[in-house]
Every structure is written in structure tokens, then in C-alpha cells.
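**Student:** My questions all concern the structure below.
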Amino acid sequence: MTDAARAAEDIPMAVFSAITHGNDQDIAAILEALAVALRATDADAAAIFAEFTEAGLGDTPAREIWRNLMSTSLSHFRGIVAESFRNEGREEGREEGREEGREEGIAKERSLSVLRMLDRRGVAVSDAVRERIGSCRDLRTLDLWVDRAFTVKTTDELLDEG
């Protein structure tokens, strides 16, 4: 059932069609028709059908297609699946933010270590080089610079890419 109007006429049959054709090549069109039909129906009923569809698709690629379709319609669906999408998205965003923050902190600390070691060793550091080191966020580069900061005599040696 790939026609949204037809799916809207018999949503239980459209759900059944989606579940039974989960491995068909037309599954994306079937799921799209169902999603459109669900947007046009009562939100509570749509949420139940959406949850039932996801459960029925099991652990298949079709389930991911369905989850993507539902994630664009979350304001309409209030069911468990929609809420899990919201929570999952929030948690993924929080975790990505935490990870970025950790990496940012590590990079900042390493750049400060490089500058401190150069200062302690009496290696002259221009404002431009200080800015370059301070703004670097590539941990591999910073690790290399930390190692080099023990022995270099100039910042040209430190920054040498050869």
C-alpha cells in the first residue's frame, strides 16, 4: 500500500502492509504512505499505530526508515516511540556536547602545556605562534608538539611539518 489516501482509508491494513512487506524493495514508499496517513488522523490513535508499526518491523532496515520518518513528525505523535525519539535525540545531543567539551578541554590543556614548556625552557614564542598553538584543537598535532617542546630550540622546529 503505497498510496497515502488509500492508507488513510484503512490505517490498520496499512500498518499490516508495512509490517508484512518490511523486506520488500518498496518498503520506503509503503512507510511514507503510512506516515502521511497517520499525520492526518487522531494523534492518540496515530501514536498507537506508529508504535505498533515500529515493533512489528523488528530489527530491520525498514525500522530505521520508519524511525527517520517518525522523527520528522514528532509534534503529532505523543506515544512511547515518539517520546523515546525525543529522549534519544536529547541524550545523543548531550553526549555529543559532553564529548566535544572533553576534547576541547584536553586540547586546551595540551596547548597550554606546550606554551608553558616553551616558556620555561626560554624558547621565544611570537604572538602569532602563541595564537596558533592556543587555537589548535587537533589532539595528534598537540601530542606531537608536547613531545617536541622538550627539545626544540625554536618554534620553527616545533611547528615543522616535515
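**Student:** Please compute the per residue accessible area over the chain with all protein chains in place, 1.4 Å probe, rounded to a whole number of Å².
**Tutor:** Per residue, the chain has an accessible area of 60 Å².
**Student:** So how exposed is M1, as accessible area in Å² (1.4 Å probe, rounded to 10)?
**Tutor:** 40 Å²
**Student:** Candidates (1) 0.99; (2) 1.79; (3) 1.11; which is the computed Cα Rg over 2.2 N^0.38 Å?
**Tutor:** It is the value labelled (2).
**Student:** Now, a different point. Sort 91-101, 26-36 for me by packing, meaning the mean count of neighbouring Cβ atoms within 10 Å per residue, highest on top.
**Tutor:** Order by mean packing, descending: 26-36, 91-101.
The values are calculated or read from the model by the stated rules, or taken from the named source; none is laboratory data. No experiment lies behind these values; they were computed from the predicted model shown. Note that each Cβ is placed from the backbone with ideal geometry, even for glycine, and that neighbours are counted across all protein chains shown. These area figures cover heavy atoms from the full protein model, side chains too; ligands, DNA and RNA do not enter into them. Shrake-Rupley method; radii C 1.70, N 1.55, O 1.52, S 1.80 Å.
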